[in-house]
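This report concerns only the one structure given below.
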């Protein structure tokens with residue numbers, strides 16, 4: 001450090017930093033408010049779509065569980081004829 005500090009070395013910038021940091025903080029708060037509250041009109045549609053998608057997934061899961069509980073699979077031959085195969089018998093054959 002110099003023995004005789006100059007005017008620029010003695011000057012403090014606390015007020016400048018406070019004003020700039022306050023402005024940046026206010027802009028960040030405003031940005032979050034704009035993004036989360038005023039600029040998301042599709043939020044309600046998004047929530048509704050998630051509910052529809054969830055209901056569809058539950059319906060498909062129930063159908064798959066019923067299919068597994070029934071124990072039969074419909075298989076199409078190369079000729080186009082459909083036949084039913086019992087799953088338990090086929091699993092036992094494959095495990096032998």
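The values are calculated or read from the model by the stated rules, or taken from the named source; none is laboratory data. Small disclaimer: the values here were computed from a predicted structure and weren't measured. Heads up, the Cβs are rebuilt from the backbone with ideal geometry, glycines too, and the neighbour counts pull from every protein chain shown.
Here are some notes:
- Hey, residue 18 assigned by TED's automatic domain parsing to the domain that holds residue 88 and at pLDDT 95 or above or not: no
- Test: residue 9 is outside any helix (DSSP H, G or I), loosely packed, with under 10 Cβ neighbours inside 10 Å and at negative phi: no
- Qualifying residue in the stretch 31-38 (condition: closer than 30 Å to residue 89 by Cα and out of contact with any helix residue (DSSP H, G or I) (no Cβ under 7 Å at 6 or more places or on another chain)): no
- Given (1) part of a helix (DSSP H, G or I); (2) exposed (fewer than 10 other Cβ atoms within 10 Å of the Cβ), number of the condition residue 67 does not satisfy: (2)
- Filter result for residue 85 (free of Cβ contacts under 8 Å to residues at least 24 places away in the same chain, in contact with a strand residue (DSSP E or B) (Cβ under 8 Å, 6 or more places away or on another chain), surrounded by 10 or more Cβ atoms within 10 Å (Cβ to Cβ) and not in a loop (DSSP other than H, G, I, E, B)): yes
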